[in-house]
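The values are calculated or read from the model by the stated rules, or taken from the named source; none is laboratory data. Predicted model, so just to flag it, every value in this text is computed and none were measured. As a convention, Cβ positions derive from the backbone with ideal geometry for all residues, glycine included, and neighbour counts pool all protein chains shown.
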Amino acid sequence: MTSRHEEPTPGPAADIALAFAANVPVIRTSRLVLRAVRLEDFAGFASILCTKRGRFAGGPISREDAWSDFAALSAGWLLHGHGGWAVADTATGDLLGFVILGLEPGDVEIELGYLFLEAAEGRGFATEAAAEARDWAFNTLGLHTFVSYISSKNARSIALARRLGAVEDTPRDWPKGNVVYRHVRPDGEAVARPGSAHGAPPIPDFMRPTERSQND
């Protein structure tokens, strides 16, 4: 049986939720739609973080803990003006995964993360969605640089970060088993320096992910 918090509240409350969701920027490509997360997306989110698939994002974790991370995807928009998107197939509307420009306890910089369903692998969806989120951060938020926190064993996620043009920028005192990849605005206004992501915070749950990072 579905837990009550995973179900919508009918009546005026549903309209209020829709009104808030309508403020989340929508990004469209020929193949993908990046949109606000919906309650029905939680099943897909939990299928990642509550299973071995979420091993590089702090998983497997309980469904209750996954709910907290899922709620944070939306909360970021309200609190910081950036947050998480659900990524859906333009043609079918099927959920493919999630991308986030997030900040969570321990983060020292905004993080670009990505989590994708197994069925979405191998078709370039994660790279395409993450590139759209990256460009939105540069062009709309005016950010000059941000990072992706990735498990050093997550070769697929590291390869994705490199495809996006990110370069490794892991501080010397960073916790072993994890790396930092830096995304820098193409105009060169922000120049990445080796180990410039100062500080060694607790490893983000959302390796966000794809720390956080699950990939394509």
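Whether any residue in segment 70-85 is assigned to a strand (DSSP E or B) and either modelled with pLDDT of 95 or more or under 14 Å from the mean Cα position of the chain (by Cα) (or both) is what I want to check. Taking every residue of segment 70-85 in turn, at least one turns out to be assigned to a strand (DSSP E or B) and either modelled with pLDDT of 95 or more or under 14 Å from the mean Cα position of the chain (by Cα) (or both).
Annotation: residue 81 fulfils all but one of (1) surrounded by fewer than 23 Cβ atoms within 10 Å (Cβ to Cβ); (2) more than 21 Å from residue 131 (Cβ to Cβ); (3) of a type outside the set (Phe, Trp, Tyr); the unmet one is (2).
Scanning segment 145-166 for residues that are modelled with pLDDT of 95 or more, out of contact with any Pro (no Cβ under 9 Å at 6 or more places or on another chain) and not polar (S, T, N, Q) yields a total of 10. Note on segment 170-180: among residues that are surrounded by 19 or more Cβ atoms within 10 Å (Cβ to Cβ) and more than 20 Å from residue 127 (Cβ to Cβ), the one that is modelled with the lowest pLDDT is 174. Give the residues of segment 127-155 that are part of a helix (DSSP H, G or I) and under 15 Å from the mean Cα position of the chain (by Cα), sorted by residue number. Selection gives 127, 128, 129, 130, 131, 132, 133, 134, 135, 136, 137. Checked against (1) of a type in the set (A, V, I, L, M); (2) within 20 Å of residue 131 (Cα to Cα); (3) buried (at least 20 other Cβ atoms within 10 Å of the Cβ); (4) touching a strand residue (DSSP E or B) at 6+ places or on another chain (Cβ under 6 Å), residue 33 meets all criteria but (3). Going by what's in this entry, would residue 95 be described as in contact with an Asp or Glu (Cβ under 7 Å, 6 or more places away or on another chain), within 26 Å of residue 7 (Cβ to Cβ), at pLDDT 95 or above and crowded, with 21+ Cβ neighbours inside 10 Å? Answer is yes for this residue. Pairing residues of segment 60-81 that are of a type in the set (Ser, Thr, Tyr) with residues that are surrounded by 13 or more Cβ atoms within 10 Å (Cβ to Cβ) and at pLDDT 95 or above, at Cβ distances under 6 Å and at least 6 apart in sequence or on separate chains, gives 74/37. Are any of the residues in segment 157-170 part of a loop (DSSP other than H, G, I, E, B) and out of contact with any Lys or Arg (no Cβ under 7 Å at 6 or more places or on another chain)? Yes, the conditions are met somewhere in segment 157-170.
Within segment 1-57, if we keep just the residues that are touching an Asp or Glu at 6+ places or on another chain (Cβ under 7 Å) and part of a helix (DSSP H, G or I), the residue that is nearest to residue 96 (Cα to Cα) turns out to be 42. Can you find a residue that is part of a strand (DSSP E or B) and either of a type in the set (Gly, Ala, Ser) or surrounded by fewer than 20 Cβ atoms within 10 Å (Cβ to Cβ) (or both) anywhere in segment 119-126? No, segment 119-126 has no match at all.
Of all positions in segment 99-112, none carries a residue that is part of a loop (DSSP other than H, G, I, E, B), modelled with pLDDT of 95 or more, under 23 Å from residue 20 (Cα atoms) and of a type outside the set (A, V, I, L, M, F, W, C). Checked against (1) surrounded by 21 or more Cβ atoms within 10 Å (Cβ to Cβ); (2) under 20 Å from residue 146 (Cβ atoms); (3) touching a Ser or Thr at 6+ places or on another chain (Cβ under 8 Å), residue 25 meets all criteria but (1).
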